[in-house]
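Notes follow the structure.
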Amino acid sequence: MNEQLKYYQQKLNYEMDSADLFEAFENNESIKVIDARKEVAFFEEHIPNAISFPHREMNEQSVSKLDKNTLYTTYCDGIGCNASTKGALKLAKYGFKVKELIGGLDWWKRDGYSTEGSNKTMGLDIRCNC
């Protein structure tokens, strides 16, 4: 396999987009979504069925409640925030399978998917533009 093919395969091993995540939900795949932002942001708005687990609270003891056989996907606000990267890094450091949701909550909503919380949005026109 040439270097370029390896690069793209590696990239897809560690990230997914909102359409990938929505499809995983639709197919009842075993995937858990972690909102790595502060808890107050989670209560305002989050991806359905996500759990709040701020990256700043992730440590060896706090992650011990998670299942190492589950695939986790971390997210944050979007490209202007790196909480999802920090959360994914910490989970990987402790031996968990993890992917990062590229574009975060921002791209989840831009693609027309619903959110939950006090500022929830209803999905508009669900579409994948890729």
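The values are calculated or read from the model by the stated rules, or taken from the named source; none is laboratory data. As the structure is a computational prediction, the values presented were derived from the model and not from experiment. Ideal geometry is used to build each Cβ from the backbone, glycine not excepted, and the neighbour counts take in all protein chains shown. Note: areas computed on protein heavy atoms with side chains; ligands, DNA, RNA excluded. Shrake-Rupley method; radii C 1.70, N 1.55, O 1.52, S 1.80 Å.
With a cap of 16 neighbouring Cβ atoms within 10 Å, and only residues DSSP puts in a loop, list the GluC sites (Glu not before Pro) found in segment 53-112.
On the way: sites: Glu57, Glu60, Glu100; in loops: Glu60.
Passing sites in segment 53-112 are Glu60.
For the chain, what % of the accessible area comes from carbon and sulfur atoms, probe 1.4 Å?
Working: 3980 of 8070 Å².
The value for the chain is 49 percent carbon and sulfur by accessible area.
May I ask you to derive the relative contact order of segment 7-126, considering only C-alpha pairs under 8 Å and at least 6 residues apart, and to give it as an integer percent?
About 30 percent, as a whole number.
Residue farthest toward the positive end of the dipole of the chain, with Cβ of Lys/Arg at +1 and Asp/Glu at -1: which of Ser118, Met16, Ala92?
Ala92
Any idea how many Lys pairs in segment 47-130 come in under 13 angstrom at the alpha carbon, given 8 or more places apart or on separate chains?
On the way: Lys68/Lys93; Lys68/Lys97; Lys86/Lys99; Lys90/Lys99; Lys109/Lys120.
Close lysine pairs under the 13 Å cut-off: 5.
At 25 °C and a viscosity of 0.890 mPa s, what translational diffusion coefficient does Stokes-Einstein give for the chain, taking Rh as the Kirkwood radius over Cα pairs? Give it in µm²/s as a whole number. The partial results should precede the final answer.
Details: Rh = 15.0 Å.
Estimated diffusion coefficient is 163 µm²/s.
Charges on Cβ only, +1 for Lys and Arg, -1 for Asp and Glu, centred on the Cα centroid of the chain; of Asn49, Val63, Thr74, which one is farthest towards the dipole's positive end?
Val63
So how strong a dipole does segment 1-70 carry about its Cα centre when Lys and Arg Cβ are +1 and Asp and Glu Cβ are -1, to the nearest 20 debye?
About 320 debye.
Tell me the accessible surface of Ile51 in square angstrom (1.4 angstrom probe, heavy atoms of protein chains only), to the nearest ten.
Estimated to the nearest 10 Å², Ile51 gives 70 Å².
Not counting ligands, DNA or RNA, and with a 1.4 Å probe, what is Val40's accessible surface area in Å² rounded to the nearest 10?
Val40 exposes around 100 Å² with every protein chain in place.
Write down the percent of antiparallel bridges among all DSSP beta bridges whose residues are both part of the chain, to the nearest 5. Spell out each step's value before the answer.
Values: 1 of 14 bridges.
So the antiparallel bridges amount to about 5 percent of the total.
Using +1 on the beta carbon of Lys and Arg, -1 on that of Asp and Glu, and nothing else charged, what's the dipole of the chain about the Cα centre, debye to 20? Provide the component values of the computation, followed by the final result.
Numbers: 17 positive and 20 negative charges, 96 e Å.
Its charge dipole is roughly 460 debye.
Probe 1.4 Å, all protein chains in place: accessible area of Asp20 in Å², nearest 10?
Per-residue accessible area (Asp20): approximately 70 Å².
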